[in-house]
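The values are calculated or read from the model by the stated rules, or taken from the named source; none is laboratory data. Treat the numbers as computed from the prediction; the structure is a model and nothing was measured. Note that each Cβ is placed from the backbone with ideal geometry, even for glycine, and that neighbours are counted across all protein chains shown.
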Amino acid sequence: MRVILDIESINHPLTGIGRYTLTLTRELLKSPRVTEVGLIKLADQMLLTTPVQLEAYIEQIIPTEIRAVKPEDRNNIEYKHVPFWRYIPFWDSIPYRKQIPFREAFIRHYNNFKYWRLERRYRQLELFKFFSDQSTHLLEGWQSKFNQKQYKNIVNNKSLEYIFHGPNFHLALMPNKSVVTIHDLSVLRHPECHPEDRTDFWNKEIYKVAERSTKIITVSEFQKQEIIELLGVDADKIHVVYLGVESKFRPYNPEDSQDVLQKYGLEYKQYSLVVSTIEPRKNFIRLLKAFEQLPKSMRRTYPLAIVGDKGWKSEEIHKVITGLIEKKEAVRLGYVDEADLPYLYASAAVFLYPSIYEGFGLPVLEAMASGTPVLTSNTSSLPEVAGEGCLLVDPYSIEDITTAWKNLLGDLALREELSEAGIRQAKKFSWQRCAQQTIEVYEKAER
């Protein structure tokens, strides 16, 4: 079996979908059931790869080295984030660049261009070369660009058998069989949680993607029903493939975690942890209000540690976080090194994830595997992932979140019970099973 995989989502910082794509790529490269794997990025570059080459590429774009950051600087790490426009050589010379209306207009035009380019790439791919006699030499870096005629000769040749997989919603126009992974439909179900340009694009594109795909992979039974209801797709076309959890997410003792905790100014089992992009869909406002209603002594003993950078419409959220930081009740870690994340999970007293809507909820699974008691939502896919291993709350009720949070922090026996239950639940998920079931979907698409 030949597979072409779009690895556009493998970028630093690595998101949940990026981790899914990266881990799936690693597993496909190891599988004897897949004879050849081609990787496309930006739909205009081709990377011929072996597992060794893939890891070398990953090391370049996702740094894992330990970087010393002073604790006093870490709370302001969000302001150290370099936005894309800072890479424009003449940015500093643009008049009024600091004015909010100008900046917002600039971002909006950039996003419109980004989505226009994304839509255009489905129709005008200029680079595509599958493994052939001319491509047996393994190349370092990116393949040189082929012209449109060469592309058409390969892609329009329906006798060339391959499966094209878009693991991040996107699906290029291909004459051959194709599979797309649709992780969630929050852009349709909760458009208020997304920028207008994103919803405008996906309100049209997601239906086209669903229609032209041979098979659809989604990551929970909940999300399968969403696709059937919102996109009108036949159930037989949709296959549920659960995500997995890496072995590095496991319990660690204080000695194992000491260096990482010292780096971030935290103490073992003495903080509440959140790992999430800071945006409205993750329910941060209610989470922060619930935290403020905890007893002051509890907030000081278990400060809120927030891993993740700012997302869309997060200015008000950051104002609240900054206020908590000033009171020594929270710490903002931003994006952390990949190597540090397992220790941060395992060293937390509790993990909070009261998201409004999820297609799966990978951080919940990672926290359970780490032996940390989890508080999460009783909506969307989260009960499906949590099983009996988490404490479920109504994400729309601040009182419900506060009460459950307070009970967790005040009851060591409950935390230990949830820790054991979470580890048992997490063992039901693996990336190896995810890859094998994905390959089975490829095989069904070939028929």
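Condition first: without any contact (Cβ under 8 Å) to a residue 60 or more places away in the chain, farther than 23 Å from Lys215 by Cβ and hydrophobic (A, V, I, L, M, F, W, C). Can you find one or more residues in region 394-401 that meet it?
Taking every residue of region 394-401 in turn, none turns out to be without any contact (Cβ under 8 Å) to a residue 60 or more places away in the chain, farther than 23 Å from Lys215 by Cβ and hydrophobic (A, V, I, L, M, F, W, C).
With respect to the numbered conditions (1) at pLDDT 95 or above; (2) crowded, with 17+ Cβ neighbours inside 10 Å; (3) more than 30 Å from Ser397 (Cα to Cα), which one is the sole condition not fulfilled by Glu205?
Result: Glu205 fails condition (1) only.
Select, from Leu160, Leu171, the only residue that is of a type outside the set (Phe, Trp, Tyr), modelled with pLDDT under 70 and under 24 Å from Ala435 (Cα atoms).
Sole residue among the options that is of a type outside the set (Phe, Trp, Tyr), modelled with pLDDT under 70 and under 24 Å from Ala435 (Cα atoms): Leu160.
Any chance you could count how many residues in region 402-418 are without any contact (Cβ under 8 Å) to a residue 60 or more places away in the chain and part of a helix (DSSP H, G or I)?
Total meeting the criteria: 10.
Can you name every residue in region 232-258 that is free of Cβ contacts under 8 Å to residues at least 60 places away in the same chain, part of a loop (DSSP other than H, G, I, E, B) and closer than 26 Å to Leu185 by Cβ?
Listed by number, the residues that qualify are Gly232, Val233, Asp234.
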